[in-house]
Amino acid sequence: MTSPLPTFTQDELKAQVGQAALDYVVPGEIVGVGTGSTVNKFIEALATVKDRIKGAVSSSVASTERLRALGIPVFESHEVDVLSVYIDGADEIDHRGFMVKGGGAALTREKIVAAQSRRFVCIVDASKQVDMLGAFPLPVEVIPMASRQLARQFAAMGASAQVRQKDGAPLVTDNGQHILDVKGLKIADPLAFESQVSQWPGVVTVGVFAFQKADVCLLGTPAGVQTLNFD
Ligand code: A5P
């Protein structure tokens, strides 16, 4: 009889992948850091080796504050050239490394720092793994004056879009824009979808990360951290 697998909370799985991501941090360099509860675990792990890195480029005000509070220097994206690695979570990831991101409203800066990096290491617990993107409401950062028009365009695709709210008013991103959360999509071709929606006037960033897909996924499972490498 095989012994049962240990049970871990989702928080423990996030901590395990956050710790495992340290293997991808290049000593002496600046690391790209994403946003979210899983990345917060990575930031805690990164603080334990902060003397071995030069600092971080952050994808949000929230991550910047957290990094600085732990004594990790933060550089602006435009102050540095190419980063060797970007480490971030995801709301969904498929078997090719295509992702949906933006549950934390930081998708625009996340895509910028990901594009600046040679390698994207995605850290997630196993609940984020999907066969097809779209079950998680797709975040789209938009210029506020375009939100109604864009909601109509998503409706024409058979989906429904709502402006994300916070404290009874539209949530305002780090870039001063709004987020549309789009339900009812089935994104069979993430590259084509990202290309199409990115061209709609008023879209700042669509939360499909197909052109900036993951190169590696560290997946937190009850059997331990699994490493998935994508071509
Ligand atoms: C932030 O805008 C997002 O892209 C996050 O990376 C994503 O929502 C995953 O967040 P959690 O690690 O909190 O699930």
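The values are calculated or read from the model by the stated rules, or taken from the named source; none is laboratory data. Model, not experiment: these values are computed from the prediction. Here Cβ is always computed from backbone atoms with ideal geometry, including for glycine, and neighbour counts include all displayed protein chains.
Just a few scattered comments:
- All positions within region 64-111 that are hydroxyl-bearing (Ser, Thr, Tyr), free of Cβ contacts under 8 Å to residues at least 60 places away in the same chain and surrounded by 15 or more Cβ atoms within 10 Å (Cβ to Cβ): THR64, SER77, TYR86
- Count - residues of region 127-162 that are assigned to a strand (DSSP E or B), closer than 28 Å to GLN19 by Cα and of a type in the set (S, T, N, Q): 1
- Verdict on MET132 being modelled with pLDDT of 95 or more and surrounded by fewer than 17 Cβ atoms within 10 Å (Cβ to Cβ): yes
- Every condition in (1) closer than 18 Å to VAL17 by Cα; (2) more than 11 Å from the ligand (Cβ to nearest atom); (3) among the aliphatic types (A, V, I, L, M) is met by ILE87 except one, and the failing one is (2).
- Flag for VAL124 being outside any loop (DSSP other than H, G, I, E, B), in contact (Cβ under 8 Å) with a residue 24 or more places away in the chain, near the ligand (Cβ under 8 Å from one of its atoms) and buried (at least 23 other Cβ atoms within 10 Å of the Cβ): yes
- GLY97 in contact with a Phe, Trp or Tyr (Cβ under 7 Å, 6 or more places away or on another chain), more than 11 Å from the ligand (Cβ to nearest atom) and outside any helix (DSSP H, G or I): yes
To keep it simple, each residue is scored yes or no on (1) part of a strand (DSSP E or B); (2) among the charged types (D, E, K, R).
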| position | (1), (2) |
| --- | --- |
| VAL31 | yes, no |
| ASN40 | no, no |
| ALA62 | no, no |
| GLU65 | no, yes |
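- Selected residue (criterion: farthest from the chain's Cα centre (by Cα)) from residues of region 58-73 that are β-branched (Val, Ile, Thr) and under 17 Å from TYR86 (Cβ atoms): ILE72
- Qualifying residue in region 24-32 (condition: within 16 Å of the chain's Cα centre (by Cα) and farther than 27 Å from PRO222 by Cβ): yes
- Test: residue in region 141-158 that is within 11 Å of the ligand (Cβ to nearest atom) and either touching a residue at least 12 places away in the same chain (Cβ under 8 Å) or surrounded by fewer than 20 Cβ atoms within 10 Å (Cβ to Cβ) (or both): yes
- Residue tally, condition surrounded by 21 or more Cβ atoms within 10 Å (Cβ to Cβ) and among the aromatic types (Phe, Trp, Tyr), over region 194-231: 1
- Residue ID - surrounded by the most Cβ atoms within 10 Å (Cβ to Cβ), chosen from residues in region 9-32 that are within 11 Å of the ligand (Cβ to nearest atom) and within 22 Å of ARG52 (Cα to Cα): VAL17
- Boolean, ALA106 is under 26 Å from PRO201 (Cβ atoms) and near the ligand (Cβ under 10 Å from one of its atoms): yes
- Residue list for region 178-220, filter: in contact (Cβ under 8 Å) with a residue 60 or more places away in the chain, in contact with an Asp or Glu (Cβ under 8 Å, 6 or more places away or on another chain) and not hydrophobic (A, V, I, L, M, F, W, C): PRO190, THR205, GLY207, GLY220
- Residue count for region 36-63 satisfying the condition of being closer than 16 Å to ARG109 by Cβ and surrounded by fewer than 15 Cβ atoms within 10 Å (Cβ to Cβ): 1.
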